[in-house]
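Here the structure is laid out as structure tokens; the discussion comes afterwards.
Only the coordinates and a few stated rules stand behind these numbers; no lab work does. Everything numeric in this text was worked out from a predicted model, so none of it was measured. Ideal geometry is used to build each Cβ from the backbone, glycine not excepted, and the neighbour counts take in all protein chains shown.
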Amino acid sequence: MIFEIIVSLAKILALVLPLLIAVAYLTLAERKIIAAIQQRRGPNVEGVFGLLQPLADGLKLFLKETILPSYANTAIFLFAPIITFSLSLVTWAVIPFGEGMVIADLNIGVLYILAISSLGVYGIITSGWSSNSKYAFLGGLRSAAQMVSYEVSIGLIIITVLLCVGSLNLTEIVLAQEHVWFCVPLFPLFIMFFISALAETNRSPFDLPEAEAELVAGYNVEYSAMGFALFFLGEYANMIAISSMTTIFFLGGWLPPMDIILFTWIPGPIWFAIKVMFLLFVFVWVRATLPRYRYDQLMRLGWKIFLPFSLGWVIFVASLILIM
């Protein structure tokens, strides 16, 4: 019993620590990539090539004072960023990095991920409400509406993948793509899933909850120090998580592109990391190149285009399976 608890704690630490390091250096990579696109240098003072910049930023936020707004609901105000950050971590319990490399290989792994992602909206909307600020409240409402709108499309797209596999287990979904990745036969759904992922994580061009010109900084406008840092870490951990889910559902997870000796000698977790890093690069690339959508355009895209299209694909794939 004690040994099992120690093993579980070791697995959690082995997952959480690299994840936090990945989040820290994702922020540096984002700043470097955007700087390169804009023909700037980016952070280059702290350490060699600016490699210590994330540590300096983290230390700065850790040492700052947490300022509480006068009329805020203090308990909920302080608890909201903890909810967001905690939910961004527990998602990783069922994500497999390789065959057998998963903390909990649940048979209902997909259902677990959908449940956790649905809870994520509570941290954001409670932070907006408890701040007692009109800007934070509007940002929280926008974020809640946006996440709920695009979760419907994401759910229908995942149902299409599940129809092809016949299992809710994430490992079995990856192994079902041994011959062909699902991004090939389901290419329109792959594109829709990635665009919905941008909206789900409040990333550009769908970063309406944090629109600086309209809402100052959105739902986290009243946060400073560690409260702001936890929201920041949660957002980037969610980016890595949604990229991992895209890799599992459409890019074959840890499987190599082709079953040839040149690719098969590379370990599966390396392939998984390469695919996730490519998707994260696209996240940053989109942020650097595309303008922000209007809110009505965002909602129209989710409800009038993605929802009917994804529902049509569910019916189409289900009909094909019945016929065959």
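For the chain, modelled as a GNM whose springs connect Cα atoms under 10 angstrom apart, the maximal fluctuation among Ala36, Ala288, Ala241 occurs at Ala36. Would any residue of region 1-28 have its amide N under 20 Å from a label point 7 Å out along Cα→Cβ of Leu51? List them or say none. In region 1-28, the label zone of Leu51 (backbone N under 20 Å from the point 7 Å along Cα→Cβ) covers 17-28. In the set [x] -0.49, -0.70; [y] -0.39, -0.62; [z] -0.56, -0.71, the label that goes with log10 I(q)/I(0) by the Debye sum over Cα atoms at q = 0.08, 0.10 Å⁻¹ computed for this structure is [y].
In the chain, a dipole from Cβ-located charges (positive for Lys and Arg, negative for Asp and Glu) runs towards its positive end, and of Asn132, Ala273, Ile315 it is Asn132 whose Cα lies farthest in that direction. Taking θ as phi - 60° and the Karplus parameters 6.51, -1.76 and 1.60, the scalar couplings of region 292-308 work out to 6, 6, 6, 5, 5, 5, 4, 5, 5, 4, x, 8, 9, 10, 5, 4, x Hz in sequence order, x denoting glycine and proline. How high is the relative contact order of region 190-324, given as a whole-number percent (alpha carbon pairs under 8 Å, six or more residues apart)? The normalised contact order for region 190-324 reaches 28 percent. Applying a DSSP loop filter and a limit of 13 other Cβ atoms within 10 Å to the chymotrypsin sites (Phe, Trp or Tyr not before Pro) in region 1-106 leaves Tyr71.
Only Cα pairs under 8 Å and at least 6 apart count here; give the relative contact order of region 67-323 as a rounded whole percent. All intermediate terms of the calculation are to be shown ahead of the outcome.
Values: 358 pairs, mean separation 67.4, N = 257.
This gives 26 percent for region 67-323.
For region 1-63, the relative contact order is 21 percent, taking Cα pairs closer than 8 Å that sit 6 or more residues apart in sequence and dividing their mean separation by the residue count. When only the Cβ of Lys, Arg, Asp and Glu is charged (+1, +1, -1, -1), the dipole of the chain relative to its Cα centre reaches about 720 debye.
Is it possible to state the helix-based mean residue ellipticity at 222 nm for the chain, with each DSSP H run of 4+ residues giving -39500 (n - 2.57), the sum divided by total residues, to the nearest 500 deg cm²/dmol? What is it? Before the final figure, lay out the partial values.
Numbers: 13 runs with 217 residues, N = 324.
Taken over the chain, the calculation gives -22500 deg cm²/dmol.
Could you give the length gained by full extension between Leu262 and Met324, i.e. 0.36 nm per residue of separation minus their alpha carbon distance, to one decimal place? Please report the intermediate quantities before stating the final value.
Values: separation 62, 0.36 × 62 = 22.32 nm, distance 3.53 nm.
Separation in residues times 0.36 nm, less the Cα-Cα distance, equals 18.8 nm.
Dipole size in debye (nearest 20) for region 1-63 around its Cα centre, Lys and Arg Cβ +1, Asp and Glu Cβ -1? Can you show the working numbers first?
Working: 6 positive and 4 negative charges, 57 e Å.
Computed about the Cα centre, the dipole is about 280 debye.
Taking the centroid of alpha carbons for each part, region 31-109 and region 253-299 are 19 Å apart. Magnitude of the charge dipole for region 1-105, about its Cα centre and with charges confined to Cβ atoms of Lys, Arg (+1) and Asp, Glu (-1), is about 480 debye.
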